[in-house]
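Notes for the one structure printed next.
Each value in this text was obtained by applying a stated rule to the coordinates, not by laboratory testing. Quick caveat, the model's predicted, so the values are computed rather than measured. Backbone-built Cβ (ideal geometry, glycine too); neighbour counts: all protein chains shown.
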Amino acid sequence: MLLVLVVLLIADVLFVMPAKINSVVLKADYRKVFIYELIFCAILLVFALDVRFNLFTRWNPLFLKIIGWIPRAVIILLSAVILFFCGKVIAGSLVNTAGQADHAIVLGLALENGEPTPDLLARLDTAKAYLEKYPEARLILTGGNADESGRTEAAVMRDILLEKDVPESSLILEDQAETTIENFRNIAAIISKDEPVVMISSDYHMDRAVRNAKEEGFTNVMRLPARSNILAYGANMLSEVVLNVNDLTVK
């Protein structure tokens with residue numbers, strides 16, 4: 001079963017990530033993530049094969065069995081780290097703690113050929129539903145990465161919400177940041193870090209987004225995950241694992 005799950009994960013990565021690389025502006029960043037995803041998949045595949053076929057300690061001489069435990073221990077350790085972060089991503093995607101707040105942050109997402117992705121549209125649908133429930137709230141639309149025409153993610157999000165009859169007075173644009181961390185640093189100039197705020201992002205992104213917000217000093221962050229494409233969840237989850245590990249190594 002583990003081997004089947006790993007093979008399905010690899011297939012998802014190979015199907016989803018090349019399409020992203022060919023369509024988004026940040027191609028170099030996606031290529032780097034894709035390479036690390038393949039490395040992580042290879043580690044998990046070796047782990048699954050070892051569990052199934054006893055790759056490293058199947059040899060009869062005792063000294064070969066002992067030597068075989070060295071790569072096995074490394075693979076087990078690396079697999080444990082990867083699976084731990086997979087668990088964090090999955091757990092974070094299931095938690096919804098959203099309540100009433102004056103502001104909700106809607107995180108942007110890279111445009112594909114100048115158009116919003118299904119995941120970005122899902123975030124906007126979730127934001128609109130929140131605004132219908134709490135009409136006094138205001139949405140902070142974030143994202144400064146621009147397409148070839150110069151339109152930023154935040155501007156595209158605003159235009160879509162206006163088409164959905166969301167009042168412009170309910171929208172605040174933060175269209176300068178190019179990373180999630182920069183989003184929160186710029187938002188800190190708009191609202192107090194101590195006020196309750198709702199975080200709206202894709203389910204697979206929620207755990208890291210909330211952690212980044214708290215690292216930047218936001219003390220009361222509520223979660224409102226937008227459901228993503230289940231067929232691409234494996235690849236997106238592994239991308240988040242790569243970025244989580246990258247955050248740890250950079251720090």
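Some values worked out for this structure:
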| item | result |
| --- | --- |
| Ranked by how many other beta carbons lie within 10 Å on average, peptides 200-211, 217-228, 89-100 from highest | 200-211, 217-228, 89-100 |
| 5 angstrom amide H check on Thr117, placed H, neighbours 5+ away | Glu112 |
| Viscosity 0.692 mPa s, temperature 37 °C, Stokes-Einstein D of the chain from Kirkwood C-alpha radius, µm²/s | 168 |
| Antiparallel %, DSSP beta bridges [both residues in the chain], to 5 | 15 |
| Prolate/oblate/rounded label for segment 103-229 (Cα gyration tensor, a/c 1.5) | rounded |
| Summed side-chain charge close to Ile230 - residues other than Ile230 whose Cβ falls under 13 Å, Lys, Arg +1, Asp, Glu -1 | -2 |
| Pairs beyond 25 Å (Cα-Cα), from Lys133/Lys193; Lys32/Lys88; Lys164/Lys193; Lys128/Lys193; Lys32/Lys193 | Lys164/Lys193; Lys32/Lys193 |
